[in-house]
1. Looking at Ser155, Ser130, Ser178, which is the one that is over 24 Å from Trp86 (Cα atoms), touching a Pro at 6+ places or on another chain (Cβ under 8 Å) and surrounded by fewer than 20 Cβ atoms within 10 Å (Cβ to Cβ)?
2. For the stretch 51-71, which residues satisfy the criterion of being open to solvent by less than 50 Å² (accessible area, probe 1.4 Å), assigned to a helix (DSSP H, G or I) and either of a type in the set (A, V, I, L, M, F, W, C) or touching a strand residue (DSSP E or B) at 6+ places or on another chain (Cβ under 6 Å) (or both)?
3. For the stretch 104-121, which residues satisfy the criterion of being in contact with a strand residue (DSSP E or B) (Cβ under 9 Å, 6 or more places away or on another chain) and either within 30 Å of Thr234 (Cβ to Cβ) or basic (Lys, Arg) (or both)?
4. Return yes or no: is Met286 within 30 Å of Asp32 (Cβ to Cβ) and buried (at least 16 other Cβ atoms within 10 Å of the Cβ)?
5. Would you confirm whether or not the stretch 289-299 contains a residue that is at pLDDT 90 or above and over 30 Å from Tyr33 (Cβ atoms)?
6. What number of residues in the stretch 58-105 are more than 22 Å from Thr173 (Cα to Cα), of a type in the set (Lys, Arg) and free of Cβ contacts under 8 Å to residues at least 24 places away in the same chain?
7. With the condition kept exactly as written, say whether any residue in the stretch 72-92 is assigned to a strand (DSSP E or B), aliphatic (A, V, I, L, M) and open to solvent by 10 Å² or more (accessible area, probe 1.4 Å).
8. Take the stretch 98-119 and flag every residue that is in a strand (DSSP E or B) and open to solvent by less than 20 Å² (accessible area, probe 1.4 Å).
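The values are calculated or read from the model by the stated rules, or taken from the named source; none is laboratory data. None of these values were measured; they are calculated from a predicted model. Here the Cβ positions follow ideal geometry from the backbone for every residue, glycine too, while neighbour counts run over all protein chains shown. Side chains are part of the model used for accessible areas, which takes the heavy atoms of the whole protein and leaves out ligands, DNA and RNA. Shrake-Rupley method; radii C 1.70, N 1.55, O 1.52, S 1.80 Å.
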Amino acid sequence: MIMNASKLIGLTIILGLFLACGNKPKNSLSYDYDKAAAYFTADESFFPILDEQLDVFMATAALDSIRPLYTNQEEAINKLMKNETWLAFAARSLSPKEIQNLKDRQFMPRVIPLAYDGLAIIVNNTNPDSCISIKDFRRILSGEASNWKDIYPNSKLGEIDVVFDNPKSSTVTFCVDSILGGKPINSKNIGAVKKSAEVIDWVEKHENAIGIIGSNWLNDKRDTTNVTFNKNITVMRVSRLDSATVRNSWQPYQYYLYNGNYPLVRTIYALLNEPRSGVPSAFAHMCRLPKGQMIFLRAGLLPVQANMNVRDVFVNTK
């Protein structure tokens, strides 16, 4: 009798385990692990730096391949939430609601800060004004200032033509959340192209234009010291004070991100939700390891694990 009772208890436990394993998590979405692990999503503005990271990863990791899908930030995160990918790169963390949603479906989401990127304000080379305050930039985005004379009384450039990379990009999100305090962008002449490279092209060809773009797009590739920006456009100096001057305004160089002088700084995150330790996890963690952090540093961004040596560099602007 004792033996039979023990067998009965053991059988009951085993059946209970099978039933538990057969139950799907509450609100769970079905997924194909291999399909989701085949690629990562990312805001398109991070294309240059992530392609560099991916080249190094694929050359050194003895793992299966992973490919990028560059899109807008909203779509990149949506695909993560739908189990269509396990890895997304964005300029924001997951919200508490998003994290709870994933946890309710028995996932373990991870938010990994990787580097800091200066959001650059660029204008045409014919524009004589190269300094702007956060206050005046806010006035442009809100629509309060629609003419260059509203900011610079002596300007002869006419209406301000504002251009973004994508209506749903991380750049737009940053401007709405961090500059306008959640209010919508309401500039009279505002437009968006499809890619970050097109912002540079537009500003280069339109003298009235002002563009907003991630600084990782601006480095002059001929300068290995990362102290020279693209010469086809002007990168504005930005000031926290209400009146911008050369002395109180800064460009998005690494050191000014590091010491806090440059005010428009966003964090690049790897948003990871992989249910096992596969290629997406390996790539995300490589970006945080010294090898990946050095790639961010050489590209002109500020790695989160920065160990910077500061020295004076003479730049010949002729």
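1. The unique qualifying residue is Ser155.
2. Leu54, Val56, Phe57
3. Matches in the stretch 104-121: Arg110, Leu114, Ala115, Tyr116, Asp117, Gly118, Leu119, Ala120, Ile121.
4. In short, yes.
5. yes
6. Number of matching residues: 1.
7. no
8. Residues satisfying the conditions are Ile112, Leu114, Ala115, Asp117, Gly118, Leu119.
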